[in-house]
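Worksheet: the structure to be examined is printed underneath.
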Amino acid sequence: MKRNFAIRKWGVSAIILFLCITCIIPSYGQDVREATSLPASEGDILYVGGSGSGNYTRIQDAINASNTGDTVYVYNDSSPYYEHLVIEKSLSLIGEDAWSTEINGSFLGSSLDTVNITGDHVVISGFCITDNRGYYYQAAVKVSGDYVILSD
């Protein structure tokens, strides 16, 4: 009798443990996927710098002309770019090379962030962001949007 009780006790414990684990792992994986889910680049590619016809000379001009889902590709030929960028829509901003494609905030007013991201689902990669000389509360990159990825 005691043996059957012990087997049932272990069996019930094993089932409860299995159910707990199967509930925890999928919810953890879901959180990770949500935090990194971004729409695939389904839009156009706008070019900044370089020598192609139709290329923009300023990054902000290309961002303003872009639509949700577009990619703004920035060549390092015209680097450094002395700009204050505001990104309010879902897009990818890609620099040609993280070591030589520079966004420089040294000419900005002391109240401006160099890059201000308020849009959701924004990817920024391949830039060196330098010389923000604002007050202590100004940022080189200020992020207030959701699902933003900064790399390289």
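Which of the residues that make up segment 101-119 are farther than 23 Å from Gly54 by Cβ and assigned to a loop (DSSP other than H, G, I, E, B)?
Gly105, Ser106, Phe107, Leu108, Gly109, Ser110, Ser111, Leu112, Asp113, Thr114, Thr118, Gly119
Residues being touching a His at 6+ places or on another chain (Cβ under 6 Å) and aromatic (Phe, Trp, Tyr): count how many of those fall in segment 97-147.
Looking only at that region, the number is 1.
Filter segment 72-113 for residues that are within 17 Å of Ile45 (Cα to Cα) and among the polar types (S, T, N, Q) and give the result.
Within segment 72-113, Asn76, Ser90, Ser92 qualify.
Filter segment 43-74 for residues that are open to solvent by 40 Å² or more (accessible area, probe 1.4 Å) and at positive phi and give the result.
Gly54
Can we say Gly145 is in a loop (DSSP other than H, G, I, E, B), open to solvent by less than 40 Å² (accessible area, probe 1.4 Å) and in contact with a Leu (Cβ under 8 Å, 6 or more places away or on another chain)?
Criteria not met by Gly145.
Restricting to segment 75-126, what's the tally of residues that are hydrophobic (A, V, I, L, M, F, W, C) and either open to solvent by 20 Å² or more (accessible area, probe 1.4 Å) or touching a Cys at 6+ places or on another chain (Cβ under 7 Å) (or both)? Give the derivation first.
Start the filter on segment 75-126 by keeping residues that are hydrophobic (A, V, I, L, M, F, W, C), which leaves 85-87, 91, 93-94, 98-99, 103, 107-108, 112, 115, 117, 122-124.
Going one step further and asking which of them are either open to solvent by 20 Å² or more (accessible area, probe 1.4 Å) or touching a Cys at 6+ places or on another chain (Cβ under 7 Å) (or both), we end up with 86, 94, 98-99, 107-108, 112, 123.
Final tally of qualifying residues: 8.
Looking at (1) closer than 14 Å to Val123 by Cβ; (2) not in a loop (DSSP other than H, G, I, E, B), which is the one condition that is false for Gln60?
(1)
The values are calculated or read from the model by the stated rules, or taken from the named source; none is laboratory data. Please read all numbers here as calculations on a predicted model, not as lab measurements. Neighbour counts run over all protein chains shown; Cβ positions are idealised from the backbone, glycine included. Ligands, DNA and RNA are stripped out before the accessible areas are found, and what is left, the full protein with its side chains, is counted by its heavy atoms. Shrake-Rupley method; radii C 1.70, N 1.55, O 1.52, S 1.80 Å.
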